Amino acid sequence: QRARGGRVNPANIDHNPTEAQKKSGNYAKDHVSIHGLDITIENAKGKMRRGVDKGGKPWAVKMPAHYGYIRKSEGADGDHVDCYLGPHLQSPHVFVVDQLNADTGKFDEHKCFLGFGSKTQATRAYHAAFSDGKSHERLGHIAEMPIGDFKDWLKRGDTTKPLAA
């Protein structure tokens with residue numbers, strides 16, 4: 001029942017995986033279903049997400065929303081499409097960010113926001129998810145679409161290219 005309702009249980013998630021576990025994806029995560037989408041949650045809202053940047057510098061951010069990916073999808077980076085879950089899980093709209101590389105300004109990958117009541121709410125969560133002060137450089141076009149169109153885009157659309165194109 002929890003999976004059908006989209007309730008994330010942070011106790012099911014290993015919040016301190018090693019870098020090797022993160023790379024392989026071999027650590028405990030939670031799984032939920034929102035609007036029929038199978039979503040894996042790697043980081044729970046309010047927990048610290050940590051990593052190491054390309055230059056070897058550690059970073060950490062307190063997650064503004066549950067964060068993970070949509071299973072059975074593939075994004076521009078070859079991994080699943082990344083997903084944030086907001087507080088309004090019945091919202092019939094999805095907001096998809098064309099994320100840019102902060103250094104080059106070129107398209108990087110998509111970040112989708114399910115369960116957000118407005119573009120403003122999704123944008124605030126997006127900015128809060130970065131600790132390096134470069135969220136404005138990363139934020140590209142934001143597309144709003146009904147959940148049905150979003151599902152169709154995941155199945156038939158080109159998830160390797162920006163939606164703004």
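Overall, the chain carries a charge dipole of about 500 debye about its Cα centre when +1 sits on the Cβ of Lys and Arg and -1 on the Cβ of Asp and Glu, all other atoms neutral. Based on every Cα atom in region 37-113, Rg and the maximum pairwise Cα distance Dmax equal 13.4, 40 Å. When Rg and Dmax are taken over the Cα atoms of region 71-113, they come to 11.9, 36 Å.
Considering only 152, 98, 53, the Gaussian network model of the chain with Cα springs below 10 Å gives its largest mean-square fluctuation to 53. Placing unit charges on the Cβ atoms of the charged side chains and taking the dipole of the chain about its Cα centre, the candidate lying farthest along the positive direction among 24, 11, 69 is 11. For region 53-98, the list of chymotrypsin sites (Phe, Trp or Tyr not before Pro) that fall in a loop by DSSP and count at most 13 other C-beta atoms within 10 angstrom is empty.
For region 53-118, the dipole from Cβ point charges (+1 on Lys and Arg, -1 on Asp and Glu) about the Cα centre works out to 240 debye, to the nearest 20. To the nearest whole percent, what portion of all C-alpha pairs in region 97-165 is separated by more than 16 angstrom? Distances greater than 16 Å cover 49 percent of the Cα pairs.
In this structure the amide hydrogen of residue 91, modeled in the peptide plane, comes within under 5 Å of the amide hydrogens of 115, none closer than 5 places in sequence on its chain. Counted residue by residue at 0.36 nm each, then reduced by the alpha carbon distance between them, the extension gain from residue 14 to residue 48 reaches 11.1 nm. Among the listed pairs 62/155; 45/134; 57/151; 54/151; 47/119, a Cα-Cα separation exceeding 30 Å is found for 62/155; 57/151; 54/151.
Measuring nothing but protein heavy atoms, the accessible surface of the chain at 1.4 Å probe radius is 47 percent carbon and sulfur. Using every pair of alpha-carbon atoms in the chain, split the distances into 10 Å bins beginning at 0 and state the percent of pairs per bin, rounded to integers. Spelled out per bin, shortest first, that is 10, 40, 39, 10, 0. Across q = 0.27 Å⁻¹, region 9-66 modelled as identical point scatterers on its alpha-carbon atoms has Debye log10 I(q)/I(0) values of -1.19, in the order of the q list. Accessible surface calculations at 1.4 Å, restricted to protein heavy atoms, place the chain at 55 Å² per residue.
The values are calculated or read from the model by the stated rules, or taken from the named source; none is laboratory data. For clarity, every value in this text was computed on a predicted model and none was experimentally measured. Cβ: placed from backbone, ideal geometry, glycine included. Neighbour counts: every protein chain shown. The accessibility values were calculated without ligands, DNA or RNA, using every heavy atom of the protein model including side chains. Shrake-Rupley method; radii C 1.70, N 1.55, O 1.52, S 1.80 Å.
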